[in-house]
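For reference, the structure discussed in these notes is given below.
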Amino acid sequence: MAAIVVVGAQWGDEGKGKATDILGCQVDYVVKPNGGNNAGHTVVVGGEKYELKLLPAGVLSENAVPVLGNGVVINLEALFDEIDGLEARGANASRLRISANAHVVAPYHQVLDRVQERFLGKRAIGTTGRGIGPTYADKVSRVGIRVQDIFDESILRQKVTSALDVKNQILVKMYNRKAIDPERIVDYFLSYADRLEPMVIEAELELNRALDEGKHVLMEGGQATMLDVDHGTYPFVTSSNPSAGGACVGSGIGPTRITSSLGIIKAYTTRVGAGPFPTELFDKWGEFLQTTGGEVGVNTGRKRRCGWYDSVVARYASRVNGFTDLFVTKLDVLTGIGEIPICVAYDVDGTRFDEMPTSQSDFHHAEPIYETMPAWEEDITGCRTFGELPQRAQDYLNRLEELSGCRISYVGVGPGRDQTIVINDVMEA
Ligand code: GDP
Ligand code: IMO
Ligand code: MG
């Protein structure tokens, strides 16, 4: 039995989709425990590129059952568009299962996301505009709509009506928008009921039974630690808990069952949207990482902000997620750049911070303290073992391992499924 949690260690887009895709071939279930269609995972299989937003990358694995867990917020229109798009390309999404307890994104959540961002002006979060924050806010405020509500029309109507009682006041009086007719929303949800029903399961029961039978389950976190509403750079975060603990809550798998906590981390750093980012580069190296790394958001098409590897962030992520292993991705992007800076600590107005500052203001003022390592010149995209990597690439990884508080078990040397070096196999943990 293996229960593996895959977690982004930085600000997202570390290559979780690729990592899940590789491990997905060896597991029975791939569960998405948090987030919604704000995610964007690019997975390259046999030269074919797939872009997933809401579905877990496990949907591309031959045998794994993909599951949207209770912690996910589901936009049903986006869900079926994505399924249809995949099936049109020959992929098989028929195994997909959905927790009856997952919440659904209503059209009014998307409207609220956009108007709230506009209202914030310069202080905007830079959300994906997918209604994620307002849907989670309703969940916590106990006025959300769950998947199971769609199969009880009278309950659905009651819940939608009561949610809109307040929201329409806000939309009309605060944001100068038109009120939304509850019946339109009820019809919207009901229109998906027949297609949705066969997919709905008691996910927590099925997943735990699978583990009891010795099967393997992978939890594929969306977003990342630094976007976690508790552990991230609040308020510039998403509205869920993408960290390892959140994967337990969002899937109904208890912490005692987890066998590996695998942190996915780029060999440099990127971020989309607003918020602090100490190692961000505004010079030719930022542009280099952006173009050579192909750093464009899958979801919104925004260019990703780029910077050097931040080992303060890595240590912090290792700590709050209890990482057992790291998967360093995109090492190939750093080939031939001369010298590679690594952030080892921060300087905040003359004070050195070796660990993440607790105060948001300190983090906003953090200046990276760098050490540098020489880069390798050789093409590493064909390397398949650690020993095949040039000595300088090995030295860089060894230094990252020392600084990051966790052993490195996988290294990505290209976007393809096979462009991976396995040092320790988490399936054998
Ligand atoms: P996710 O959101 O964490 O799944 O990551 P994204 O898919 O948004 O972004 C990661 C990008 O890096 C994708 O385009 C991947 O195909 C690509 N990628 C993943 N691993 C590697 C790697 O080791 N080398 C290179 N060059 N690209 C990679
Ligand atoms: P994956 O799974 C990178 C960012 C948004 C914004 C903030 C809040 O591909 O790593 P939201 O719409 O969630 O309320 O936006 O979070 N964000 C991501 N950034 N990768 C993601 O997902 C992200 N999901 C949300 O850009 O700054
Ligand atoms: Mg992404």
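Please find, in a Gaussian network model of the chain (springs between Cα atoms separated by less than 10 Å), the residue of C25, C343, C406 whose mean-square fluctuation is greatest.
Comparing C25, C343, C406 in a Gaussian network model of the chain, the most mobile one is C25.
From the helices alone, meaning DSSP H stretches of at least four residues, give me the mean residue ellipticity at 222 nm for the chain, per-run term -39500 (n - 2.57), in deg cm²/dmol to the nearest 500.
The helix-only estimate for the chain comes to -9000 deg cm²/dmol at 222 nm.
Mind checking the angle between helix 153-169 and the chain's longest principal axis? C-alpha axes, 0 to 90 degrees, to the nearest 10.
Once rounded, the angle reads 70 degrees.
Can you list the residues, at least 5 places off or on another chain, whose amide H is less than 5 Å from the amide H of W11, using H built in the peptide plane?
T270
I need the peptides 138-146, 380-388, 257-265 ranked by packing, meaning the mean over residues of other C-beta atoms within 10 angstrom, with the highest value on top.
The densest-packed peptide leads the list: 257-265, 138-146, 380-388.
Return the distance in nm (one decimal) between the two label points of a simple spin-label model at Q394 and D349, each offset 7 Å from Cα along Cα→Cβ.
Output for this residue pair reads 4.6 nm.
Using the 10 angstrom Cβ neighbour count as an exposure proxy, how do F353, F327 rank, fewest first?
With the sparsest Cβ surroundings first, the list reads F353, F327.
How many percent of DSSP beta bridges within the chain run antiparallel, rounded to 5?
Numbers: 25 of 60 bridges.
In the chain, approximately 40 percent of DSSP beta bridges are antiparallel ones.
Tell me whether region 1-99 comes out rounded, prolate or oblate; compute the Cα gyration tensor, take square roots of the eigenvalues as a ≥ b ≥ c, and use a/c under 1.5 as the rounded threshold.
Judged from the Cα gyration tensor, region 1-99 comes out rounded (a/c under 1.5).
Angle check, please: helix 391-404 long axis (alpha carbons) against the longest principal axis of the chain (alpha carbons), in degrees 0 to 90, nearest 10.
Value to nearest ten degrees: 60.
Among K18/K303; K53/K159; K32/K266; K215/K303, which pairs are too far apart, with a Cα-Cα distance over 30 Å? All intermediate terms of the calculation are to be shown ahead of the outcome.
Numbers: K18/K303 20 Å; K53/K159 27 Å; K32/K266 21 Å; K215/K303 40 Å.
Those over the limit are K215/K303.
So what does log10 I(q)/I(0) come out to for the chain at q = 0.14 Å⁻¹, using the Debye formula with one equal point on every Cα and no solvent?
-1.28
Using only Cα atoms, find the angle between the long axis of helix 203-212 and the longest principal axis of the chain, and express it within 0 to 90 degrees, rounded to the nearest 10.
Here the helix axis deviates by roughly 50 degrees.
Bear in mind that the values in this text are calculations on the coordinates, not laboratory data. Everything numeric in this text was worked out from a predicted model, so none of it was measured. A quick note on method: Cβ atoms are made from the backbone with ideal geometry, for glycine too, and the neighbour counts reach across all protein chains shown.
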